[in-house]
Amino acid sequence: MGKTVQGVRGMNDVLPVDAHRWAFFEDTVRRWVRAYGYQAIRMPILERTELFVRSIGEVTDIVEKEMYTFKDELNGEQLTLRPEGTASCVRAVIEHNLLYPGPQRLWYWGPMFRHERPQKGRYRQFHQIGVEALGFAGPDIDAEHIVMCARLWRELGLRDIRLELNSLGSAEARARYRGKLVAYLEQHAGELDADAQRRMHSNPLRVLDSKNPQMQALIAGAPKLTDDLDGESAAAFAGLQTSLRAAGIDFVINPRLVRGLDYYNGTVFEWVTDRLGAQGTVCAGGRYDSLVEQIGGKPAPACGFAMGVERLLALMAETGVAVAEAVPDAYIVRQGDAAVPWGEQVAERLRDAGLAVVLHCGGGSFKSQMKKADASGARYAVIIGDDEAQAGMLAVKALRVTAGAAAGQQEQRRVALPEACEIIKSR
Ligand code: ATP
Ligand code: MG
């Protein structure tokens with residue numbers, strides 16, 4: 001036997017035991033985006049590196065140290081595995097002129113790639129659900145996005161998630177604030193870590209986003225962005241807060257919230273939980289009014305958010321949200337020369353009737369087959385011997401005893417196909 005080949009560090013397999021949780025999550029999300037009129041868009045996983053450098057920003061964690069970038073040896077192109085979806089989505093919108101008929105509400109989902117140190121809630125391949133609204137100036141659409149998130153948490157059965165809000169203001173307001181922040185950081189230069197010292201002049205706002213625990217006191221003392229807001233951003237931020245109060249959504253204003261990507265402006269938000277340790281941000285987003293123009297499109301205001309699927313699934317597990325496992329309606333056991341082909345026909349006819357059916361394969365005694373039927377979680381066993389096959393019949397036996405069922409319903413019964421369908425469907 002050859003040496004085993006391991007998976008790549010930080011990139012996980014989702015195993016069948018967890019499949020029902022992912023399926024529940026995906027089904028819930030699909031219903032949810034439909035309820036708000038968002039349309040699906042699917043972008044490739046590879047993009048030109050330049051797209052991310054120009055949109056996310058050169059002096060950011062993602063672009064400085066987290067991107068999987070390589071040269072396509074066949075044509076020399078610099079390519080990157082997407083670290084997030086907004087840049088790709090905006091690129092696709094511009095490339096296909098999707099804003100020509102008017103604003104668009106879009107959503108997507110899929111794997112993202114960041115070369116980070118793997119730990120609980122932080123992986124090198126992880127999944128995001130992204131929602132983007134392009135061509136909308138807000139703040140009504142910002143409120144829609146937050147109300148939408150709150151609904152999803154309810155539908156997933158999640159609690160213990162708080163909303164944090166901030167406004168980054170306009171580019172001009174940020175430039176004013178930047179001056180004050182740099183002065184503050186220079187005063188405390190001795191307390192800055194290496195990242196912060198490097199960024200103090202190239203991208204000082206990023207210092208506020210530092211995860212380093214030793215930096216938190218210094219960050220807490222920094223001047224506040226919201227004290228320098230321009231009139232328009234301040235009005236939009238107030239408008240959003242009014243809508244949230246009317247919708248009964250609690251929030252806290254966190255003046256240090258800057259987001260790890262450069263393209264944001266105006267209102268930004270994060271949904272955070274204390275139940276997952278250090279990786280507590282489960283969803284994040286905000287406005288990015290200059291991004292469309294920045295990557296070559298006709299100027300259009302926009303906003304959006306992305307959520308981390310692994311973190312939300314972990315929070316569901318942590319807070320005890322139960323998800324029912326999908327079980328087959330029936331498991332067919334069969335033995336005998338006539339029973340084997342008749343079993344195949346029966347399986348297809350039951351599936352025609354909309355039932356989920358597992359057909360036993362691999363032979364074995366009735367007893368061992370019945371053990372498999374039980375283990376499958378199926379509600380019914382369909383038992384076929386040569387007797388049944390010759391008569392064109394089948395035997396149906398309930399495997400799960402249900403409270404309140406009449407005694408007779410639990411017994412094995414020999415019936416024809418239409419009646420078998422009815423029995424199996426009846427519960
Ligand atoms: P963090 O501060 O945790 O590094 P971020 O600000 O880099 O997050 P975003 O780029 O805003 O994250 O991505 C949106 C969401 O995607 C995050 O809130 C988080 O739930 C999830 N996410 C980001 N990076 C990872 C990762 N490496 N592994 C798992 N989930 C992630
Ligand atoms: Mg990050």
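The values are calculated or read from the model by the stated rules, or taken from the named source; none is laboratory data. Because the structure is predicted, anything quoted here is derived from the model rather than measured. For neighbour counting, all protein chains shown are included, and Cβ atoms are generated from backbone atoms with ideal geometry for every residue, glycine included. SASA here: full protein model, heavy atoms, side chains in, ligands and nucleic acids out. Shrake-Rupley method; radii C 1.70, N 1.55, O 1.52, S 1.80 Å.
Reported to the nearest whole Å, the Cα centre-to-centre distance from region 71-126 to region 181-222 is 29. Surface exposure of the chain, expressed per residue as accessible area with a 1.4 Å probe, stands at 49 Å². Have a look at the DSSP beta bridges in the chain and tell me what percent are antiparallel, nearest 5. Counting only bridges with both partners in the chain, antiparallel ones make up about 80 percent. Applying a threshold of 25 Å to the alpha-carbon distances of Lys120/Lys372; Lys3/Lys372; Lys65/Lys211; Lys65/Lys298; Lys65/Lys180 flags Lys120/Lys372; Lys3/Lys372; Lys65/Lys298; Lys65/Lys180 as lying beyond it. Among the protein heavy atoms of the chain, carbon and sulfur supply 52% of the accessible surface, probe 1.4 Å, non-protein parts ignored. For the chain, the spread of Cα coordinates along the three principal axes comes to 89, 58, 46 Å, biggest extent given first. Maximal additional length on extending the Ala217-Glu348 stretch stands at 40.6 nm, based on 0.36 nm per residue less the C-alpha distance. For the listed peptides 102-112, 381-391, 126-136, a ranking on the average number of other beta carbons within 10 Å per residue, highest first, reads 126-136, 381-391, 102-112.
Phi angles across region 146-162 convert, under the Karplus curve 6.51 cos²θ - 1.76 cosθ + 1.60 with θ = phi - 60°, into 3J(HN,Hα) values of 6, 4, 4, 4, 4, 5, 4, 4, 4, 5, 7, x, 8, 9, 6, 10, 10 Hz, Gly and Pro given as x.
Rounded to the nearest 0.05, the FRET efficiency derived from the C-beta distance between Glu26 and Glu411 at R0 = 41 Å is 0.60. Short-range pairs are left out: with C-alpha atoms under 8 Å and at least six residues apart, the relative contact order of region 330-426 is 31 percent. Residue by residue, region 174-181 carries 3J(HN,Hα) couplings of 5, 5, 4, 4, 3, x, 5, 5 Hz when phi is fed to the Karplus relation 6.51 cos²θ - 1.76 cosθ + 1.60 (θ = phi - 60°); x denotes Gly or Pro.
Its residue count N sets the reference 2.2 N^0.38 Å, and the alpha-carbon radius of gyration of region 269-320 equals 1.54 times that reference.
When both bridge partners sit in region 330-426, DSSP labels roughly 45% of those beta bridges antiparallel.
The H on the amide N of Leu399, modeled in the peptide plane, is under 5 Å from the matching H of Tyr380, Ala381, each at least 5 residues off or on a different chain. Put a dot 7 Å past the Cα of Ser368, heading toward its Cβ, do the same for Glu155, and the two dots end up 4.6 nm apart. Remark: region 46-55, residue by residue, has Karplus-estimated 3J(HN,Hα) of 9, 9, 5, 3, 3, 4, 6, 5, 6, 9 Hz, where x stands for each Gly or Pro and the curve is 6.51 cos²θ - 1.76 cosθ + 1.60 at θ = phi - 60°. In terms of its C-alpha gyration tensor, region 346-392 has an oblate overall shape, because the principal axis ratio a/c (a ≥ b ≥ c, square roots of the eigenvalues) is not below 1.5 and a/b does not outweigh b/c. Using C-alpha pairs below 8 Å separated by at least 6 residues, the relative contact order for the chain is 15 percent. Treating r as the C-beta distance of Ala175 and Arg42 and R0 as 41 Å, the FRET efficiency rounds to 0.65. For Ser167, the residues 5 or more places off, or on other chains, whose built amide H falls under 5 Å of its own are Val268. Estimated translational diffusion coefficient (Stokes-Einstein, Kirkwood radius over Cα pairs, 25 °C, 0.890 mPa s) of region 330-426: 186 µm² per second.
With both labels modelled 7 Å from their Cα along Cα-to-Cβ, the Ala183 to Ala234 distance reads 1.9 nm.
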